[in-house]
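What follows is one structure encoded as structure tokens, with my remarks underneath.
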Amino acid sequence: MFHSILKRQLKKVGVTPESCPSLEEWQEFLARVNRAYTEADQERYLLERSLTISSEEMQNVYEQLRQSETRYALAAQGANDGLWDWDLTKNEVYYSPRWREILGCDSTEADSAPRFWLDRIHPDDRGIVEAELAAHLEGNTQHFQNEHRVLHKNDAYRWVLSRGLAVRDENGKAYRLAGSLSDITERKQAEYKLQHDAMHDTLTGLPNRAKLMDRLSRSLIRNRHGSEYSFAILFLDLDRFKIINDSLGHLAGDQLLIAVANKLTALVRPDDMVARLGGDEFVILLDHIRDKKQVSPVANRIIKALSHPFRVAQQEVYTSTSIGIAFSASNYEKAENLLRDADIAMYRAKAKGKARFEIFDHEMHDRAVTLLQLENDLRHALQHDELSVHYQPIVSLQSGQMIGFEALARWIHPTRGFVPPSEFIPVAEDTDLIYPIGEWVLRESCRQLKEWDEQFPSSQPLIVSVNLSAKQLEKRGLVEQIQGILQETGLAAERLKLEITESVLMSNAEQSIVLIQRLRDLGICISIDDFGTGYSSLSYLHRFPIDTLKVDRSFVNGLGSNSENSEIVQTIILLAHNLGIDVVAEGVETDEQLGHLQQMKCGYGQGYLYSKPVAPAQAAELIQELNTSNSAPEDDQSSFQTAQPAR
Ligand code: C2E
Ligand code: MG
Ligand code: MG
């Protein structure tokens, strides 16, 4: 609308629509008119002081001036701008009706004082506006231009763009300053929203990674230059978020994240920053740390606050958080490195049992580098057949006969030699390498058992126990994968036993029960590994549809010498028998331990007393021995000389 009116008006004063097709070009035109206006005004000044000028010439100049003023007014009206004209000699300002309208004032509020404008400027902006006005009046800038906030009558600030040009006398001294005022609030709001969105997480409204990195970088620079200033960052990861998200749905997960974000923000000072990196990861920047000791209480406060239940999706949801802490130091070149170290410390906190905090130290860094190397090497190992499976006999404690093996992964590293599974399995679990490794161990163990079947056709059917990690259990398609392996290798499902540690089972009991049931429906047996070390889930035991329970080595170790341990083992065995579950004692090393276990009527055992885990060739020899002893006379029943009859 304005576009067409303005074009029509401009045409009248000699500007064709073609020469000003866009708003930018009008603005350019406006500036030109502004210049013409100033020049004309200067001429008028000169004329007024000139006694030699003819009345005709005077008439011409005034006509030019009138035209340029008209043009200026029209252009300003077209652009919906307000006008102001400051007579510096009288210190009075003319404010046009539109100028007043932008500020919500009506024309009755006629005030010609400069303060009418200046006093309305936002306190944070006023200094710079006055400085720029002064700079232009002193002739240091070509024109005056500034974006600032002015107070509207409705008490809200509006963003305006004010432009102006000084009119000067022959000495260059400004005696008049005139210009325009445009309302740019909408543009500023759009700009602000764009900027805000680019720097904030849409779900929680917290600063995002980009904003955090920006702040961290600036804080690091400050730390490098001013020795007094230091800060800490806390890297948080919620401990059970995935389970909550999977079981209650993403909507509930989102609600929990919002609630956590709010709680974290309430727990720190306004100068600190709480940011969300994505997923269930948050970072807190604690600013102005005077003493590192200040940080631990904050971390504890956060851990405590997040351990209280959250009300999400009409129910109480429990979560906890693991926190890694890193302190600013002058040797940090990049913000990413500081964040990385806090992340490493957070992983350490997780590994040490979750719901706790750890402070980064350089040993952690070295360990992280080693782990990274181990991960690369493990990837390589998978592709270059450096992994193998060793087999440890599981023996009936009463008869001393071997009934099967536990399959245990082995890695011979080309330069480091033997790497124990306690070292590489956790790395595999952290990096998803556990999927191919776990699948390979399963396939290889089933294939091996089948090979022994063919090698020793008369042998009693042995079972193989394969360890499953938490991640394998969580992955979709596990049941189908195992079914496929059984079909492929031709091993009967009843001869495969899967070992799941107690802590893994308990961390997600409901889902585990469903999964275990599906595996058992196929005929596969299930064993709880390392029993007694996790949540001591004795009261839960009856809910798990399992076949076997393996008493952890630490209990077997103390048998006899530690009466408390003996009582625990006895209780576990009794309870298991009541539930119709077999018990395997892990880590049987001495005759004394064996004696106690036999007395307690523990069914099976596994340990160095019988055999260490051995390579397939040696395991084959053990099967061979078992077959020989089975066919031997009655009194030589045992393939393992150590097995004693029950006392
Ligand atoms: P686990 O499943 O509890 O395996 C039993 C561990 O106890 C084995 O350690 C075995 O060598 C050791 N052991 C057996 N008898 C004795 C004994 O009399 N005394 C002592 N001191 N130790 C004994 P290993 O082979 O080092 O395996 C450690 C853990 O690594 C396993 O504990 C298991 O959790 C994990 N692991 C091993 N192979 C695999 C695998 O293929 N997949 C998965 N997910 N985990 C595996
Ligand atoms: Mg095991
Ligand atoms: Mg075990």
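The values are calculated or read from the model by the stated rules, or taken from the named source; none is laboratory data. The model shown is predicted, which means the values in this text are computed figures rather than measured ones. Reconstructed Cβ throughout: ideal geometry from the backbone, glycine too, with neighbour counts over all protein chains shown.
Things worth noting here:
- Within the stretch 555-571, residues that are farther than 14 Å from Ala585 by Cα sit with their Cβ atoms under 6 Å from residues that are modelled with pLDDT of 90 or more, at 6+ positions apart or across chains, in these pairs: Gly560/Glu592; Gly560/His596.
- Subset tally (residues that are more than 15 Å from ligand 1 (Cβ to nearest atom) and either in contact with a strand residue (DSSP E or B) (Cβ under 8 Å, 6 or more places away or on another chain) or more than 20 Å from Leu462 (Cα to Cα) (or both)) for the stretch 579-622: 10
Here is a yes/no grid of residues against (1) away from ligand 1 (no atom under 16 Å from the Cβ); (2) surrounded by fewer than 16 Cβ atoms within 10 Å (Cβ to Cβ); (3) among the charged types (D, E, K, R):
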site: Ile482; (1), (2), (3): no, no, no
site: Gly490; (1), (2), (3): yes, yes, no
site: Ser507; (1), (2), (3): no, no, no
site: Glu510; (1), (2), (3): yes, yes, yes
site: Asp530; (1), (2), (3): no, no, yes
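- Total residues in the stretch 445-481, condition in contact with a Leu (Cβ under 9 Å, 6 or more places away or on another chain) and within 16 Å of ligand 2 (Cβ to nearest atom): 9
- The lone exception for His148 - which of (1) touching a Phe, Trp or Tyr at 6+ places or on another chain (Cβ under 9 Å); (2) in contact (Cβ under 8 Å) with a residue 40 or more places away in the chain; (3) closer than 28 Å to Gly78 by Cα it fails: (2)
- Test: residue in the stretch 475-497 that is touching a strand residue (DSSP E or B) at 6+ places or on another chain (Cβ under 6 Å) and of a type in the set (Gly, Ala, Ser): no
- The residues of the stretch 512-525 that are crowded, with 16+ Cβ neighbours inside 10 Å and closer than 28 Å to Glu454 by Cβ, listed by number, are Leu519, Arg520, Ile524, Cys525.
- Looking only at residues in the stretch 589-617 that are within 14 Å of ligand 2 (Cβ to nearest atom) and assigned to a loop (DSSP other than H, G, I, E, B), the one that is surrounded by the fewest Cβ atoms within 10 Å (Cβ to Cβ) is Pro613.
- Taking strands (runs of 3 or more DSSP E) as the structural unit, those lying wholly within the stretch 76-163 and holding at least 2 residues that are surrounded by 19 or more Cβ atoms within 10 Å (Cβ to Cβ) and of a type in the set (A, V, I, L, M, F, W, C) correspond to 82-87, 144-151.
- Long-range neighbours under 6 Å by Cβ, at least six apart or interchain, first residue farther than 17 Å from Lys471 by Cβ within the stretch 506-521, second part of a helix (DSSP H, G or I): Arg518/Val479
- If the condition is being touching a His at 6+ places or on another chain (Cβ under 8 Å) and surrounded by fewer than 18 Cβ atoms within 10 Å (Cβ to Cβ), then the stretch 381-404 contributes only Glu386.
- Test for Leu378: is it surrounded by 18 or more Cβ atoms within 10 Å (Cβ to Cβ) and more than 28 Å from Asp582 (Cβ to Cβ): yes
- Counting only helices (runs of 4 or more DSSP H) that sit wholly inside the stretch 207-282, those with at least 1 residues that are at pLDDT below 90 and under 30 Å from Met506 (Cα atoms) are 241-248.
A quick yes/no check of all residues on (1) over 28 Å from Arg224 (Cβ atoms); (2) surrounded by 21 or more Cβ atoms within 10 Å (Cβ to Cβ); (3) in contact (Cβ under 8 Å) with a residue 24 or more places away in the chain:
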residue: Phe282; (1), (2), (3): no, yes, yes
residue: His288; (1), (2), (3): no, no, yes
residue: Lys304; (1), (2), (3): yes, no, no
residue: Asn337; (1), (2), (3): no, no, no
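- Scanning the stretch 523-563 for residues that are part of a strand (DSSP E or B) and either aromatic (Phe, Trp, Tyr) or within 15 Å of ligand 3 (Cβ to nearest atom) (or both) turns up Ile526, Ser527, Ile528, Asp529, Asp530, Phe531, Thr548, Leu549, Lys550, Val551.
- So Leu498, is it under 30 Å from Arg367 (Cα atoms), outside any helix (DSSP H, G or I), within 16 Å of ligand 3 (Cβ to nearest atom) and not small (Gly, Ala, Ser): no
- Scanning the stretch 431-471 for residues that are part of a helix (DSSP H, G or I), buried (at least 19 other Cβ atoms within 10 Å of the Cβ), in contact with a strand residue (DSSP E or B) (Cβ under 9 Å, 6 or more places away or on another chain) and not aliphatic (A, V, I, L, M) gives Gly438, Glu444, Ser445, Cys446, Gln448.
- Conditions (1) within 22 Å of the chain's Cα centre (by Cα); (2) farther than 17 Å from Phe235 by Cβ; number of the one not met by Thr265: (2)
- Condition check for Ser399: in a strand (DSSP E or B), more than 16 Å from ligand 2 (Cβ to nearest atom) and not basic (Lys, Arg): no
- Failed condition for Pro545, given (1) more than 16 Å from ligand 1 (Cβ to nearest atom); (2) within 30 Å of Gln487 (Cβ to Cβ); (3) modelled with pLDDT of 95 or more: (3)
- Figure legend. Inter-residue proximity from the stretch 406-423: first residues within 12 Å of ligand 2 (Cβ to nearest atom), second residues small (Gly, Ala, Ser) and modelled with pLDDT of 95 or more, beta-carbon distance below 6 Å, spacing 6+ or different chains. Indicated pairs: Glu406/Ser465; Ala407/Ser445; Pro421/Ala409.
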